[in-house]
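K.L.:
First the structure, then my questions, so here it is.
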Amino acid sequence: MGLVSAAAKAGKGPPGPSVVTINLLGPFTITVDRRAAGPWPRPTAKRLCELVFLSHGRRVSRDLAREELFPGLDAHAGARALSKALSLARGVLSELGEPAAGLLQGDLGHNWISPAILAKTDLEALEEALMAALAMVPGQDRDDRLVAASSEDAGLLADEPYTEWALRPLERLKALRQEARLTLARDRTRGAGHSRPEAVVAAWESCWGHDTACEEAAAALMRSYSAQGQRHLVVRTYERCRSALEELGLVT
């Protein structure tokens with residue numbers, strides 16, 4: 001069933017416009033009214049959609065798209081391959097009907113996502129939720145929102161783990177997620193939100209579990225473990241943190 005306005009559900013108006021939903025977290029999918037695009041005749045057709053959605057302003061130059069998707073081809077052959085990928089991608093999307101049929105656009109200079117079509121990505125929704133929580137005043141509400149937003153840990157383009165052009169948005173997402181974890185741990189340490197000792201330790205352990213080179217998290221955990229008389233955990237945390245820093249070349 002498509003997305004329907006509250007008024008339409010109540011029989012007071014026509015259904016609202018369908019929304020194109022794009023999942024960038026986990027395996028890449030494009031859906032309209034629960035119908036998923038695919039199968040994709042070539043991987044590059046799907047990757048072109050991924051690339052455009054991850055590009056600034058949902059727009060990418062054809063030259064850049066050619067270089068990213070067809071690095072082994074010369075300029076002429078790459079341009080032809082890109083045109084073929086665009087045609088195949090639009091063919092897959094057209095099978096979903098409107099509004100997906102007009103989603104992916106292109107000309108001689110660029111490929112882009114039509115701004116006239118309501119298209120929502122889970123990546124954008126997650127980033128917005130995290131930033132909104134970070135902007136709140138410390139307290140129980142922010143604690144709950146940070147926990148909820150941080151619970152989504154699916155990887156970006158899980159079916160394309162080695163895609164170089166996805167590394168920048170992936171690193172941005174990782175940094176934002178870690179900022180949320182650190183903010184939650186700092187809040188709890190200062191008595192805001194769930195500030196019971198076990199909740200504080202759990203928050204710092206989450207921070208450190210995602211970045212064992214995080215000295216702030218390691219130091220907080222060592223203080224907590226020391227207060228609990230768990231010296232073996234203090235030593236283990238110190239050694240693992242030092243090892244992680246050495247691997248990064250940050251310890252001489």
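Yes/no per residue for (1) in contact with a strand residue (DSSP E or B) (Cβ under 9 Å, 6 or more places away or on another chain); (2) hydrophobic (A, V, I, L, M, F, W, C); (3) over 22 Å from Ser114 (Cβ atoms):
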position	(1), (2), (3)
Ile30	yes, yes, no
Asp33	no, no, no
Thr44	no, no, no
Leu51	yes, yes, no
Glu67	no, no, yes
Leu73	no, yes, yes
His76	no, no, yes
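K.L.:
Here are some residues: Ala244, Ala180, Ala218, Ala202. Which one is of a type outside the set (Phe, Trp, Tyr) and surrounded by fewer than 18 Cβ atoms within 10 Å (Cβ to Cβ)?
P.N.:
Details: Ala244 fails: surrounded by fewer than 18 Cβ atoms within 10 Å (Cβ to Cβ); Ala180 fails: surrounded by fewer than 18 Cβ atoms within 10 Å (Cβ to Cβ); Ala218 fails: surrounded by fewer than 18 Cβ atoms within 10 Å (Cβ to Cβ).
When all the criteria are applied, what remains is Ala202.
Okay, residues lined up against (1) touching a helix residue (DSSP H, G or I) at 6+ places or on another chain (Cβ under 7 Å); (2) assigned to a helix (DSSP H, G or I); (3) free of Cβ contacts under 8 Å to residues at least 24 places away in the same chain:
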{"residue": "His76", "(1), (2), (3)": "no, yes, yes"}
{"residue": "Ala79", "(1), (2), (3)": "yes, yes, yes"}
{"residue": "Leu86", "(1), (2), (3)": "yes, yes, no"}
{"residue": "Gly91", "(1), (2), (3)": "no, yes, no"}
{"residue": "Gln105", "(1), (2), (3)": "no, no, yes"}
{"residue": "Glu124", "(1), (2), (3)": "no, yes, yes"}
{"residue": "Glu127", "(1), (2), (3)": "yes, yes, no"}
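Residues checked against (1) at pLDDT 95 or above; (2) of a type outside the set (D, E, K, R); (3) under 30 Å from Arg196 (Cβ atoms):
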{"position": "Glu50", "(1), (2), (3)": "yes, no, no"}
{"position": "Ala79", "(1), (2), (3)": "yes, yes, no"}
{"position": "Ser114", "(1), (2), (3)": "yes, yes, no"}
{"position": "Glu128", "(1), (2), (3)": "yes, no, yes"}
{"position": "Met136", "(1), (2), (3)": "yes, yes, yes"}
{"position": "Leu146", "(1), (2), (3)": "yes, yes, yes"}
{"position": "Ser151", "(1), (2), (3)": "no, yes, yes"}
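K.L.:
Could you go through the range 213-224 and let me know if any residue there is under 25 Å from Arg145 (Cα atoms) and outside any helix (DSSP H, G or I).
P.N.:
Checking the range 213-224: at least one residue is under 25 Å from Arg145 (Cα atoms) and outside any helix (DSSP H, G or I).
K.L.:
In addition: Condition test on Ile113, is it hydrophobic (A, V, I, L, M, F, W, C), in contact with a Gly (Cβ under 8 Å, 6 or more places away or on another chain) and either surrounded by 14 or more Cβ atoms within 10 Å (Cβ to Cβ) or assigned by TED's automatic domain parsing to the domain that holds Leu25 (or both)?
P.N.:
Here the answer is no, as Ile113 does not meet what is asked.
K.L.:
I need the full set of residues from the range 18-35 which are of a type outside the set (S, T, N, Q) and within 21 Å of Pro161 (Cα to Cα), in order please.
P.N.:
Ile22, Leu24, Leu25, Gly26, Pro27, Phe28, Ile30
K.L.:
Scanning the range 1-27 for residues that are at pLDDT below 95 and under 18 Å from Ile113 (Cα atoms), which turns out surrounded by the most Cβ atoms within 10 Å (Cβ to Cβ)?
P.N.:
The qualifying residue surrounded by the most Cβ atoms within 10 Å (Cβ to Cβ) is Ser18.
The values are calculated or read from the model by the stated rules, or taken from the named source; none is laboratory data. Treat the numbers as computed from the prediction; the structure is a model and nothing was measured. Counting neighbours? That spans all protein chains shown, and the Cβs are built from the backbone with ideal geometry, glycine included.
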